[in-house]
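The values are calculated or read from the model by the stated rules, or taken from the named source; none is laboratory data. Treat the numbers as computed from the prediction; the structure is a model and nothing was measured. All Cβ positions, even for glycine, are placed from backbone atoms using ideal geometry, and neighbour counts span all protein chains on display.
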Amino acid sequence: MDRLARVFSQQDELIALDADFKDEYETFKSLDCLPAEKRQRIQQLTLKLLEDLEQPHDREKCAERSRNLREEGNMVFRGSVSAVFQNWERVLKACRLYTGAVFEAEDAEDELALAFANRGMALQEYGFYSEAYDDCANALDCGYPERLRHKVIMRQAHCAWKLQQIASLEEHLGCLEQLQLNDTFLLQLEDLKEKLQLLKKQAKEQEPQDRGESKALEEIITDPGQRGRYMVAKETISQGQIIFSERASCFVPLEQRLICQQCAASLMSAPIPCSKCHQRVVYCSRKCREAHSAIHRYECAAYRRDLLKLLGVSHLALRLVLTYMPQMLPQLQECTSAQEIWAKITDMAKSTDSAEITPEYLQSLRMVSHLDKASQAELVYHILCANLLQVYLKEHTDFFDQFHSSSASTQEWQLITSALILRSAGQLLANGHVGDALLPVGLEPNEFALLQPDMWQRPRHLKLGQLHNLAHSELITAINLPHLSLCNHACAPSIRTKFDGCSAVNYAAKDILAGEEIFNCYTRDCRNSLKLQRSKPLKEVYKFQCCCDKCTRTNPDQDYLTFHRYRCEKPNCRQIFVPDVELQQNNLSWWLPSNADNSIICTICKERQQFAWYNGFLDLIENCADSTQRQALFKAFEDLDKWLVDHHSLKRNLAEELITAFFVEIDEGALLDELVYEKLAEIIRKQLEGTAAQCGEYSMEYITQMTYLWDLIALERCQSNEKELLHLKGKLEYLASEHREIFLNYYNDFIEQQCK
Ligand SMILES: [Zn+2]
Ligand SMILES: [Zn+2]
Ligand SMILES: [Zn+2]
Ligand SMILES: [Zn+2]
C-alpha cells in the first residue's frame, strides 16, 4: 500500500487539473495535453510500480511444499493416524491437506497433477462426487502420469455413475475399454458397464421444469425533471413477497476471502485455484473457471502482482469495463476517434429504449456518478487508479488486441479505456453494493467452510450442535446491481435484499401499495442509527441530504430511540426516559470503549447514570464456566429490566455475549443443568424478538441468532412445539441457496423428528 501511495503522490504533483471536472473523457484528454516531460514521468512511475509489484516465484519451493502436504494427506488418508480421528473426519482432514497441496503447487504441474488426483480420491470417498469428478479432470489436464491414467479415469466413471451422468459415464467407459487393464480393473469396468445399462433403463425423460415467468411487480418511472429514474410498485405487494431479483455479471471478492470468482460461492469443498496468480483466485468448479476465463485472462497478471486489492472500487470498475466492452464494441467499431467513441457511448447512455429488458451494460452506463462533486484529492486518486489499470492492461495483457479490427487506433482506445474505468468507478462509488454471506465463526481467510473436520458428518450435513458455528455473517462481495441501484434512498427501506451468490433477491420489508415508490436504504436504517449518523455518509458519498418521511417528521430519531429507553437509577426518580440526542452528542452507545466518556443523563432529574451494574454483569459472563455463578448471571440478566426498557439495544448486546459464552461451554463439552438450558433458550427467544423488532424478521442478524435456538432444539435441550419449528423453518427462505441446503439438512437430520 505504501508503495502505491508513494507513487500516487509523486504523480499527483505532476498533474495540474486546472479546469473544473467536465467528464471522464475530457479529464484524460487534458492529461494527454500535459508537457511531454511530465507525461513521460507519470508513465515511467506507473511502469516502475508494475515492475516492482512482481513477486519472485520459486517453483522448486512450491513443489516441495506441495509434496509435503500431499504426503501428510496420504498418511492421514491411509489411516496411519486413524486412532485419533474418526473415519469421516480422517477423510475430510485428508481433503483439507490435499487442498493445501493443490494451492502450494501453483504452476509446478507434476505436483499439481498428483495433488488433484489424490484430492479427487479423498473427495470421492467422502461423497463430494461432482468435485471429485472435476479433480480427476484437473489431474489429467495437468499431465497425470500416463501409466496411471486408467485409475483416474475409472474414478471419473464412478463419479459420473453416482451423479447419474449417462453421457460422461459412457465416454469414460469407452476410453477405459481402449486401455490395457489388469483383472481388478477389468472387474470394475464390467461392474460399471452394468450400472450404465441400469441407469439407461431408469432414465426417464426429464420433465422440463415449468418455472412460469414471474410477472414484474415493479416498474421504472422516468421523470424528465429532477427526480430522474425511480421505481414504483405496479400493484400492491405484501410483506415478504419477492419484488424482483437481479443476477449480477460483475462483482469482486472483498478483502482476502477466497470465494468463487464466477458464482461467488462461499462454502467450498474443493476450490480450484488459478495456478498462475499465487493462490489469490479460486473457483468452485471447472465450469465456473471456464465461464470466468474471458475476464481472468486480463486480471491474472494483476492478481499475480497483488495489485487489485490496493485499488478498492476501481477493481470493480475494471470488471465492468472488461465485461461490457465486448458487448459495446459492435456499436463502436466504425468510430474513428476517441472523441467519436466517447460521444457514441454518451448517446447510448442517454437513449431511452422502450424494450422490456435493457441489457445490463446499458443499465450500468446510465448509473449516476458524483465525480463532479468530488474533492480534488478524491478525483485525482481515482484518475490515477484508472490510469494505472489502463497502463497495466496495455503492458501486461492483450486486452487492446480486440480493437485491432476497429477504425480507431490503440492510443485512442487507451484513452477511452482510462475514461471508462474512471467513469465506472465514479458510478460505483454512488451505486455499488456489498453482498454478505454466512461463514463459520473464526474461519481463516485461506480456509474453506466445507473442509472443517470438526463441523461436518457428511457432505453438507453438519454434526449435531454445529449450526451456531455458521452464525457469522461477513461482507464478501462488492457487486454491481444496476437495477437495484434505481431504487432511491429512504431511511426506512421498503425492501430487504438477500444476496445469493452473485444474485440479489429483493423482498418487500413491509406492505407496499400500488403506485408507491420502492426505496432501498444506502446506510444503516432509522431503527439502527440516528439521523445525524446517517446524514454524514449520505452527504459525503451520495451527495444529498435525506428528506424521507422519517427524516422530516418532528422527531426524526424516534424509531432509534425506542431501543434506547432507560429507567432512571436515582431512587427518587425511577422515571422512564429517552436520552436527549443533542445533549449526548449524537452518540448513545456509551458501552462501546470509544464512547466511554459519554455517560447517559436522565432527562427528568438531570442526574448522570452510573450503570454500576454493567461491569458486574460482564464479570458474571466471564465466569460462566463456573456453575455456581450461573444462577447469579441469569438473575442479573433479568435485573437488566430494571434499567433498560423493552428491547434496549444494550440488552441485545449483552444477551448476545451471554449466549455466545454459554455456547463456548457447550462446545467444550460442559454439561449444563436442564434448568440452565431452559433459561438459555428463554433468553435466545427474547433475543429473537428484539432482533426482529430492530433489524426485521428477515435479516441476517435474525438468522444468525436463530442458529442458537436450532442447536438447543436439535440437542433436545429445550422444549419446542410444531408452531415454533415451522416458524423457524420458514426463515430458510431468506438464506442463500448454498446455506439453505445446509440448514434444511440440519432441520431434517435433527429437528424434524421433534415435531411430533
Ligand atoms: Zn462457482
Ligand atoms: Zn490467475
Ligand atoms: Zn431519511
Ligand atoms: Zn432521573
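Inside segment 667-682, can you point out the residues that are among the aliphatic types (A, V, I, L, M) and part of a helix (DSSP H, G or I)? Let's see the steps before the verdict.
Here is the first cut: in segment 667-682, the residues among the aliphatic types (A, V, I, L, M) are 670-672, 675-676, 680-681.
Correct list: 675, 676, 680, 681.
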Residue pairs within 7 Å by beta carbon, gap of at least six or interchain, first lying in segment 21-34 and at pLDDT below 90, second assigned to a helix (DSSP H, G or I), listed first then second, are 21/27; 21/371; 21/372; 21/379; 32/415
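Sort out for me the helices (runs of 4 or more DSSP H) sitting completely within segment 304-397 that have 2 or more residues that are more than 28 Å from residue 5 (Cα to Cα), β-branched (Val, Ile, Thr) and in contact (Cβ under 8 Å) with a residue 24 or more places away in the chain.
On the way: elements: 313-332, 338-350, 360-365, 376-396.
Helices (runs of 4 or more DSSP H) meeting the threshold: 338-350.
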Test residue 722 against the criterion of being closer than 27 Å to residue 495 by Cβ and of a type in the set (D, E, K, R), and give yes or no. no
Open item on the list: Looking at segment 484-505, can you tell me whether even one residue there is touching a residue at least 24 places away in the same chain (Cβ under 8 Å), in contact with a Ser or Thr (Cβ under 6 Å, 6 or more places away or on another chain) and not in a strand (DSSP E or B)?
Closed with: no
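Looking only at segment 429-438, decide whether some residue is out of contact with any Ser or Thr (no Cβ under 7 Å at 6 or more places or on another chain), free of Cβ contacts under 8 Å to residues at least 60 places away in the same chain and farther than 24 Å from residue 263 by Cβ. Break it down into steps so the answer makes sense when it comes.
First, the residues of segment 429-438 that are out of contact with any Ser or Thr (no Cβ under 7 Å at 6 or more places or on another chain): 429, 432-433.
So of that shortlist, the ones also free of Cβ contacts under 8 Å to residues at least 60 places away in the same chain come out as none.
No, because not a single residue in segment 429-438 is out of contact with any Ser or Thr (no Cβ under 7 Å at 6 or more places or on another chain), free of Cβ contacts under 8 Å to residues at least 60 places away in the same chain and farther than 24 Å from residue 263 by Cβ.
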Over segment 464-481, the set of residues of a type in the set (A, V, I, L, M, F, W, C), part of a strand (DSSP E or B) and touching a helix residue (DSSP H, G or I) at 6+ places or on another chain (Cβ under 9 Å) is 478, 479
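Being part of a loop (DSSP other than H, G, I, E, B), near ligand 2 (Cβ under 10 Å from one of its atoms), touching a Cys at 6+ places or on another chain (Cβ under 6 Å) and not hydroxyl-bearing (Ser, Thr, Tyr) is the requirement here; does residue 300 meet it? Give the derivation first.
Working: part of a loop (DSSP other than H, G, I, E, B): no; near ligand 2 (Cβ under 10 Å from one of its atoms): yes; touching a Cys at 6+ places or on another chain (Cβ under 6 Å): yes; not hydroxyl-bearing (Ser, Thr, Tyr): yes.
For residue 300, the condition - part of a loop (DSSP other than H, G, I, E, B), near ligand 2 (Cβ under 10 Å from one of its atoms), touching a Cys at 6+ places or on another chain (Cβ under 6 Å) and not hydroxyl-bearing (Ser, Thr, Tyr) - is not met.
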Per the filter on segment 557-574, residues more than 16 Å from ligand 3 (Cβ to nearest atom) and not in a helix (DSSP H, G or I) are 565, 566, 567, 568, 569, 570, 571, 572, 573, 574
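Could you run through segment 688-717 and say how many residues are of a type in the set (Phe, Trp, Tyr) and not in a helix (DSSP H, G or I)?
Pass one, segment 688-717, residues of a type in the set (Phe, Trp, Tyr): 698, 702, 708, 710.
Okay, now just the ones that are also not in a helix (DSSP H, G or I), so 698.
Total meeting the criteria: 1.
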Look at residue 443 and say whether it is surrounded by 21 or more Cβ atoms within 10 Å (Cβ to Cβ) and under 24 Å from residue 312 (Cβ atoms).
no
Q.
Against the condition more than 16 Å from ligand 2 (Cβ to nearest atom), more than 19 Å from residue 384 (Cα to Cα) and in contact with a helix residue (DSSP H, G or I) (Cβ under 8 Å, 6 or more places away or on another chain), how does residue 310 come out, does it pass?
A. no
Residue hits (segment 284-314; buried (at least 20 other Cβ atoms within 10 Å of the Cβ) and within 20 Å of residue 130 (Cβ to Cβ)) are 284, 285, 289
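Condition first: over 28 Å from residue 92 (Cβ atoms) and modelled with pLDDT under 95. Can you find one or more residues in segment 311-321 that meet it?
Taking segment 311-321 as the starting set, the residues that turn out to be over 28 Å from residue 92 (Cβ atoms) are 311-321.
Going one step further and asking which of them are modelled with pLDDT under 95, we end up with 311-312.
For segment 311-321, residues over 28 Å from residue 92 (Cβ atoms) and modelled with pLDDT under 95: present.
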Apart from one, (1) surrounded by fewer than 23 Cβ atoms within 10 Å (Cβ to Cβ); (2) at pLDDT 95 or above all hold for residue 119; the odd one out is (1)
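Sort out which residues of segment 520-543 are over 25 Å from residue 652 (Cβ atoms), in contact with a strand residue (DSSP E or B) (Cβ under 8 Å, 6 or more places away or on another chain) and part of a loop (DSSP other than H, G, I, E, B), and write them in order of number. If you could, list the steps in order and put the result at the bottom.
Restricting attention to segment 520-543, the residues satisfying the condition of being over 25 Å from residue 652 (Cβ atoms) are 538-543.
With in contact with a strand residue (DSSP E or B) (Cβ under 8 Å, 6 or more places away or on another chain) added as a condition, the list becomes 538, 542.
Across segment 520-543, the qualifying residue is only 542.
Check every one of the helices (runs of 4 or more DSSP H) wholly within segment 33-148 and list those with 2 or more residues that are within 26 Å of residue 460 (Cα to Cα) and touching a Phe, Trp or Tyr at 6+ places or on another chain (Cβ under 7 Å). I'd like the intermediate steps shown before the answer.
Details: elements: 36-52, 59-78, 87-105, 109-126, 129-141.
Output list reads 59-78, 87-105, 109-126, 129-141.
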Within segment 615-666, of all residues that are of a type in the set (Phe, Trp, Tyr) and assigned to a helix (DSSP H, G or I), the one nearest to the chain's Cα centre (by Cα) is 663
Output for Cβ contacts, cut-off 6 Å, separation at least six or different chains, first residue farther than 13 Å from residue 6 by Cα in segment 38-54, second among the hydrophobic types (A, V, I, L, M, F, W, C) and not in a helix (DSSP H, G or I), reads 53/307
Within segment 98-143, of all residues that are hydroxyl-bearing (Ser, Thr, Tyr) and over 15 Å from residue 71 (Cα atoms), the one nearest to the chain's Cα centre (by Cα) is 130
Taking segment 144-176 and keeping only residues that are more than 29 Å from residue 68 (Cβ to Cβ) and of a type in the set (Phe, Trp, Tyr), one is left with 161
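For the structure I just gave you, tell me whether residue 77 is among the aromatic types (Phe, Trp, Tyr) and modelled with pLDDT of 95 or more. Walk me through it before giving the result.
Numbers: among the aromatic types (Phe, Trp, Tyr): yes; modelled with pLDDT of 95 or more: no.
Criteria not met by residue 77.
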Picked from segment 549-576 (must be more than 16 Å from ligand 4 (Cβ to nearest atom) and polar (S, T, N, Q)), the residue nearest to residue 652 (Cα to Cα) is 562
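How about segment 649-668: which of its residues are closer than 18 Å to residue 564 by Cα and out of contact with any helix residue (DSSP H, G or I) (no Cβ under 6 Å at 6 or more places or on another chain)? Give the derivation first.
Here is the first cut: in segment 649-668, the residues closer than 18 Å to residue 564 by Cα are 649-656.
Residues satisfying the conditions are 650, 653, 654, 656.
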Exactly one of 61, 48 is at pLDDT 95 or above, closer than 23 Å to residue 385 by Cβ, loosely packed, with under 15 Cβ neighbours inside 10 Å and of a type in the set (Lys, Arg), and that one is 48
Scanning segment 249-297 residue by residue, those within 16 Å of ligand 2 (Cβ to nearest atom) and acidic (Asp, Glu) turn out to be 290
Scanning segment 565-586 for residues that are in contact (Cβ under 8 Å) with a residue 40 or more places away in the chain and out of contact with any strand residue (DSSP E or B) (no Cβ under 9 Å at 6 or more places or on another chain), the one farthest from ligand 1 (Cβ to nearest atom) turns out to be 569
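Residues checked against (1) under 21 Å from the mean Cα position of the chain (by Cα); (2) without any contact (Cβ under 8 Å) to a residue 24 or more places away in the chain; (3) surrounded by 20 or more Cβ atoms within 10 Å (Cβ to Cβ):
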site	(1), (2), (3)
673	no, no, no
677	no, no, no
686	no, no, no
703	yes, no, yes
708	no, no, yes
723	no, yes, no
736	yes, no, yes
750	no, no, yes
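Is it fair to say residue 287 is assigned to a helix (DSSP H, G or I) and either of a type in the set (D, E, K, R) or farther than 30 Å from residue 458 by Cβ (or both)?
Details: assigned to a helix (DSSP H, G or I): yes; either of a type in the set (D, E, K, R) or farther than 30 Å from residue 458 by Cβ (or both): yes.
Yes; evaluated as a whole, the condition is true for this residue.
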